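Asker: The following block contains the structure, expressed as structure tokens.
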Amino acid sequence: MMYPMVDPTCSSASWSAFEDLPSNPGSWLRWSWKALLSGGQDECISEDKLREASLFHIDWSNLKGLKALVLVADFDTLKDEGSDLGKRLDAAGLDTRLAFGQGSHCLAHKFDDAAGEASLDWWREVLCEEQR
């Protein structure tokens, strides 16, 4: 998962810190969640629907043993929720690699060599295992 949208409540500390950055504006992400959860209708989203859509409330244990890559950027509205998701996947038994890129949304893995290499290394490992 690269820069995953995890929690439709949009309430983490990184939201407060970075929602005004032009690379991933909070207003657009909020609009995206609303469009997804309301089916395009102009209606309030219920607390139940918000909870249901959040990846924090999924039981990931049935995927135990599978590999997961979670890439987050240091300067991104989605940093905290992506990082938290990576920790939850790891706790559920997934073979999780959580990689942080120095930069902002969707650019960190391109301009931060270490983050880019972490992503490529993960793909190489997964694809090589598939061929065995």
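The values are calculated or read from the model by the stated rules, or taken from the named source; none is laboratory data. Not measured: the values here are computed from a predicted model. Don't worry about glycine lacking a Cβ; one is built from the backbone with ideal geometry, like all the others, and counts go over all protein chains shown. For accessibility, only protein heavy atoms count, side chains too; no ligands or nucleic acids. Shrake-Rupley method; radii C 1.70, N 1.55, O 1.52, S 1.80 Å.
Asker: Of the conditions (1) open to solvent by 60 Å² or more (accessible area, probe 1.4 Å); (2) under 18 Å from Pro4 (Cβ atoms); (3) in contact with a helix residue (DSSP H, G or I) (Cβ under 7 Å, 6 or more places away or on another chain), Asp90 fails just one. Which one is it?
Answerer: Of the numbered conditions (1) open to solvent by 60 Å² or more (accessible area, probe 1.4 Å); (2) under 18 Å from Pro4 (Cβ atoms); (3) in contact with a helix residue (DSSP H, G or I) (Cβ under 7 Å, 6 or more places away or on another chain), the odd one out for Asp90 is (3).
Asker: Another one. Can you tell me which residue is least open to solvent (accessible area, probe 1.4 Å) among those in segment 11-50 that are more than 19 Å from His105 (Cβ to Cβ) and not in a helix (DSSP H, G or I)?
Answerer: Per the stated criteria, the residue is Ile45.
Asker: Taking interchain pairs and intrachain pairs at least six residues apart, which have beta carbon atoms under 9 angstrom, with the first residue in segment 35-56 and under 19 Å from Leu78 (Cβ atoms) and among the hydroxyl-bearing types (Ser, Thr, Tyr) and the second at pLDDT 90 or above and assigned to a loop (DSSP other than H, G, I, E, B)?
Answerer: Matching pairs, first to second residue: Ser54/Val6; Ser54/Asp7; Ser54/Pro8; Ser54/Thr9.
Asker: May I ask you to verify whether Asp74 is within 30 Å of Asp121 (Cβ to Cβ) and modelled with pLDDT of 95 or more?
Answerer: Values: within 30 Å of Asp121 (Cβ to Cβ): yes; modelled with pLDDT of 95 or more: no.
Taking the combined requirement at face value, the residue does not satisfy it.
Asker: While we're looking at this one, here's another question. Of the residues Leu107, Leu98, Leu85, which is at pLDDT 95 or above, surrounded by 13 or more Cβ atoms within 10 Å (Cβ to Cβ) and out of contact with any His (no Cβ under 8 Å at 6 or more places or on another chain)? Even if it seems obvious, please write down each step before you answer.
Answerer: On the way: Leu107 fails: at pLDDT 95 or above; Leu98 fails: at pLDDT 95 or above.
Only one candidate qualifies: Leu85.
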